[in-house]
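Asks: First the structure, then my questions, so here it is.
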Amino acid sequence: MPEDSGYAYRSQIETIESVVAEDDLTVVFNLKTVTGPFEIYMAFPGSSIVPKDLVESGHDLNAEPVGSGPFKFVSYTPRDSIKFVKNEAYYESGKPYFDEMTYRIVADPTALANGMKSGEINFSNEVPPKDWNSITSQSNMVDAALEGSRYYWMLPNHERGVLGDPLVRQAIAHALNREAIVKAAFFGQATPFTGGVIPEWNWGYADLDVFEPAGNITKAKELMSKAGVASGTPISLMMVSSWPPMMSMAPIIQANLAAIGFDAKIETMEVPRYWDEVWGTSNFDLTVMYWLSPLADPDDFVTNTYATTSAVNVQKGGSKEMDDLMMAAKSAVTKAERKELYRQQQELSLTDMDVIPVVNGWVLTAHTNKLKNFKPMRTGFLKTLKDAWFD
Amino acid sequence: MWKIIAGRLLSFVPTIIIASMILFLAVNVVPGSAARAVLGIQATPQAIKRFEHKHGLDRPLYIQYADWAGKAIKGDFGTSFQNSVAVGPEVAKRIPVTILLASLAFGIAILIAVPLGALAGMRHQKMSDGTITTLATLFGSTPNFWLATLLIYLFALKFGWFPTGGYVPFQDSVLGSLKSLCLPAISLGLVSSGLLIRIMRAAVIETMESNHIDTAISKGVGPRRLFFSHVLRNSIIPFLTVGAVEFGFLVGSVVIIEDVFRIPGIGSLVLVGIINRDYPVLLAASMAITLIVLLVNFLADLSAQLIDPRQVKNVRN
């Protein structure tokens, strides 16, 4: 693939040397190097195999997606719904059990909660945390929540004054009261990070107990003193105004920063402007972002976050040592080798503190008790709906 | 009469052109790039450049406008940046939904405003006048989205009389459609009635002070006939004129209400366009609202002309 392709996930397929279709049901990928997460990469929706002649004919896959999955796309009404019908030619005989499915887009969290409470909406994997208890306490609803891969992290801009000093970044990391953030922003439905960004449920998890869930202001102050940061140093925290968890955690973070000597101001902007200012030009001091890892391989938790060449390295961090470690971890042959290398990578991440892990969100799925055999996925994907049915 | 109709329709043209220019400029100068809104945080500089080139966003603004306007005149409003769906048909599909919602809301506003405004005007400076004026202020100052939340809580969740949201197409079920639009229409109509009550009241007060009312009373015209044949007929013109303007505001204010109630109208499309910086969608939806407002104002003027051409001349003077 050309370097200027603009494909954000180019790094996933750069390892491919050649692709051969051996027969109607077999594809052989010849890789340039050992790539541990390669199978997972190919399971990524962006890596879907599509008919070449369809693409070359100019068919717009964005407007009319095609696939060989359990459901076929019918129509999309903006900010309203996506309709599907059963794919009669699906390779798993007899599945899916639904004849059709309408995926309603309900942008307003209150409207979604109201719909679930009244029974008009009988499934959601985006239940607002503030309404979780009131929805799942209903006798006809099933609580299918589980810790997911939606991790929140704070980005300190390394090119902004004192934030270029790893001691200061460590200080901020230790100052954060993650327990309070879980309670206030997520109503208890999140897990505070006490070490690296790979969550406990993932095989790449390293049990590195570095942060106290309620924060450690004493330790943070010591680090600030070591870094020689003057009390009252101004700093701004840029947040997206339309994302409730961000706005809820902002005052907590501001208070934590104030406790260690920063004069912290909260600035807000709406999403498109935020993309431009923060993501386009790195015009920020501190911000909070979240990433939904769709791949569940440790590589996806770390490469996007820490790689020097990552498209989301807006904090201008990264190092050759980190890049080399992540490449080694990706290329190691056995899972045990990879696990050890990810441990080393996470240890390094907590020293460099390129980004500051905050919390890992849960996938809040609730559905009618008439829906049977649905198994939620940590990525939040709905692939397992193919195995579910209505009683 | 036909001269007036033709003249008014012709005056639409410069209005639409100016409105389209203002909208086009507004959409393009607001911070936040369409490319990044569509491509997401992982967008590479190359992808952004490619996107902007594909959609002509790297051209001077006046060329972009000329291109867009030239196509819009032929009914081609382009395709959505988000999903490449043709915008024109999507907008056309949603116009009837919003018009139905706005009409129901306006109907509710009139049902509230005409009797209450007339009563307040007829009982000027009495206790009922004061009470109704206070109610009008309360209605007019209530945020419609707050009222919507309250109505949903009470009538949808607590009593279960109405759905919390969603829309049933009119052609599928008339009753279902009206039921699904009832709470959103009340949210909009009740708030709109605030201003309309005051307009009706002022118009009735002015009419009551006119000489021909004194003449009618001295001729022994009964209160019922006095009100319907003289007071109401003369008060309705200014009410209609302001009412048309208020209908325009109503159409514009459906944006949040359609989102709260999950109604697939023009308003929610405007929201899509704003949030996603989906310029073709935003422009087409906004122009649709502009056209609706112009048309409603035109129809209101026409109705006023039909009811009493002299009054129209007076109001204009």
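The values are calculated or read from the model by the stated rules, or taken from the named source; none is laboratory data. All figures in this text were calculated on a predicted structure; none of them were measured in a lab. Ideal geometry is used to build each Cβ from the backbone, glycine not excepted, and the neighbour counts take in all protein chains shown.
Asks: I'd like to check something: does the stretch A:77-89 contain any residue that is surrounded by 13 or more Cβ atoms within 10 Å (Cβ to Cβ), more than 14 Å from chain B (Cβ to nearest Cβ) and within 21 Å of A:TYR9 (Cα to Cα)?
Replies: no
Asks: Taking the options A:GLY380, A:GLY318, name whichever one is modelled with pLDDT under 90, surrounded by fewer than 22 Cβ atoms within 10 Å (Cβ to Cβ) and of a type outside the set (Lys, Arg).
Replies: None of the others qualify; the one that does is A:GLY380.
Asks: Could you list, in sequence order, all residues of the stretch B:93-106 that are under 12 Å from the mean Cα position of the chain (by Cα) and in contact (Cβ under 8 Å) with a residue 24 or more places away in the chain?
Replies: Residues satisfying the conditions are B:ILE95, B:THR98, B:ILE99, B:LEU100, B:LEU101, B:ALA102, B:LEU104, B:ALA105, B:PHE106.
Asks: Within the stretch B:238-258, track down each residue that is crowded, with 24+ Cβ neighbours inside 10 Å and within 11 Å of chain A (Cβ to nearest Cβ).
Replies: Selection gives B:ILE257, B:GLU258.
Asks: Among the residues of the stretch A:349-391, which ones are of a type in the set (Gly, Ala, Ser) and assigned to a strand (DSSP E or B)? Step through it out loud before you land on a result.
Replies: First pass over the stretch A:349-391, keeping only residues of a type in the set (Gly, Ala, Ser): A:349, A:361, A:366, A:380, A:388.
Correct list: A:GLY361, A:ALA366.
Asks: Something else: Just the residues that are surrounded by 12 or more Cβ atoms within 10 Å (Cβ to Cβ), away from chain B (no Cβ under 14 Å) and outside any helix (DSSP H, G or I), please, taken from the stretch A:46-65.
Replies: Listed by number, the residues that qualify are A:SER48, A:VAL50.
Asks: So, one more: Evaluate the following for A:ASP276: is it facing chain B (nearest Cβ under 10 Å) and either surrounded by fewer than 20 Cβ atoms within 10 Å (Cβ to Cβ) or among the small types (Gly, Ala, Ser) (or both)?
Replies: Spelling it out, A:ASP276 is indeed facing chain B (nearest Cβ under 10 Å) and either surrounded by fewer than 20 Cβ atoms within 10 Å (Cβ to Cβ) or among the small types (Gly, Ala, Ser) (or both).
Asks: Would you mention how many residues in the stretch B:27-68 are away from chain A (no Cβ under 14 Å), out of contact with any Gly (no Cβ under 9 Å at 6 or more places or on another chain) and not in a loop (DSSP other than H, G, I, E, B)? Working first, answer last.
Replies: Within the stretch B:27-68, the subset away from chain A (no Cβ under 14 Å) is B:56, B:58-68.
From what is left, the residues that are out of contact with any Gly (no Cβ under 9 Å at 6 or more places or on another chain) are B:56, B:58-62, B:65-66.
Then drop every residue that is not not in a loop (DSSP other than H, G, I, E, B), which leaves B:61-62, B:65-66.
Number of matching residues: 4.
Asks: If A:LYS183 meets every condition in (1) crowded, with 23+ Cβ neighbours inside 10 Å; (2) out of contact with any Asp or Glu (no Cβ under 8 Å at 6 or more places or on another chain) apart from one, which number is that one?
Replies: Only one criterion is unmet by A:LYS183, namely (1).
Asks: Identify the residue in the stretch B:73-92 that is in contact (Cβ under 8 Å) with a residue 40 or more places away in the chain and β-branched (Val, Ile, Thr) and, among all such residues, is nearest to the other protein chains (Cβ to nearest Cβ).
Replies: Restricting to residues being in contact (Cβ under 8 Å) with a residue 40 or more places away in the chain and β-branched (Val, Ile, Thr), the top hit is B:THR79.
Asks: Considering each of B:ALA203, B:ALA156 in turn, give the residue that is hydrophobic (A, V, I, L, M, F, W, C) and without any contact (Cβ under 8 Å) to a residue 60 or more places away in the chain.
Replies: Only one candidate passes the filter, namely B:ALA156.
Asks: Next up: Among the residues of the stretch A:211-235, which ones are among the aliphatic types (A, V, I, L, M) and surrounded by 16 or more Cβ atoms within 10 Å (Cβ to Cβ)? Break it down into steps so the answer makes sense when it comes.
Replies: Within the stretch A:211-235, the subset among the aliphatic types (A, V, I, L, M) is A:214, A:217, A:220, A:223-224, A:227, A:229-230, A:235.
Result: A:ILE217, A:ALA220, A:LEU223, A:MET224, A:VAL229, A:ILE235.
Asks: Hey, another quick one. Read through the list (1) in a loop (DSSP other than H, G, I, E, B); (2) touching a Lys or Arg at 6+ places or on another chain (Cβ under 8 Å); (3) of a type in the set (D, E, K, R), then give the number of the only condition that B:ASP172 fails.
Replies: Among (1) in a loop (DSSP other than H, G, I, E, B); (2) touching a Lys or Arg at 6+ places or on another chain (Cβ under 8 Å); (3) of a type in the set (D, E, K, R), B:ASP172 violates only (2).
Asks: Against the conditions (1) surrounded by fewer than 20 Cβ atoms within 10 Å (Cβ to Cβ); (2) free of Cβ contacts under 8 Å to residues at least 60 places away in the same chain, where does A:ASN114 fall short? Just the number, please.
Replies: Just one mismatch for A:ASN114, condition (1).
Asks: With respect to A:GLY196, is the statement that it is at pLDDT below 95, surrounded by 15 or more Cβ atoms within 10 Å (Cβ to Cβ) and over 29 Å from B:ALA47 (Cβ atoms) true?
Replies: So A:GLY196 passes the test.
Asks: Of the conditions (1) within 25 Å of A:PRO298 (Cα to Cα); (2) out of contact with any strand residue (DSSP E or B) (no Cβ under 7 Å at 6 or more places or on another chain); (3) among the charged types (D, E, K, R), A:GLU179 fails just one. Which one is it?
Replies: (2)
Asks: Please state which one of B:ALA109, B:ALA102, B:ALA120 is away from every other protein chain (no Cβ under 14 Å), within 30 Å of B:ILE17 (Cβ to Cβ), surrounded by 17 or more Cβ atoms within 10 Å (Cβ to Cβ) and modelled with pLDDT of 90 or more.
Replies: On inspection, the qualifying residue turns out to be B:ALA102.
Asks: Return only the number of the condition from (1) at pLDDT below 95; (2) more than 14 Å from chain B (Cβ to nearest Cβ) that A:SER282 does not satisfy.
Replies: (2)
Asks: Pairs please, first residue from the stretch B:1-19 and surrounded by 10 or more Cβ atoms within 10 Å (Cβ to Cβ), second anywhere and part of a helix (DSSP H, G or I) and among the small types (Gly, Ala, Ser), Cβ atoms under 9 Å, 6+ apart in sequence or on different chains.
Replies: B:ILE17/B:ALA69; B:ALA19/B:SER286
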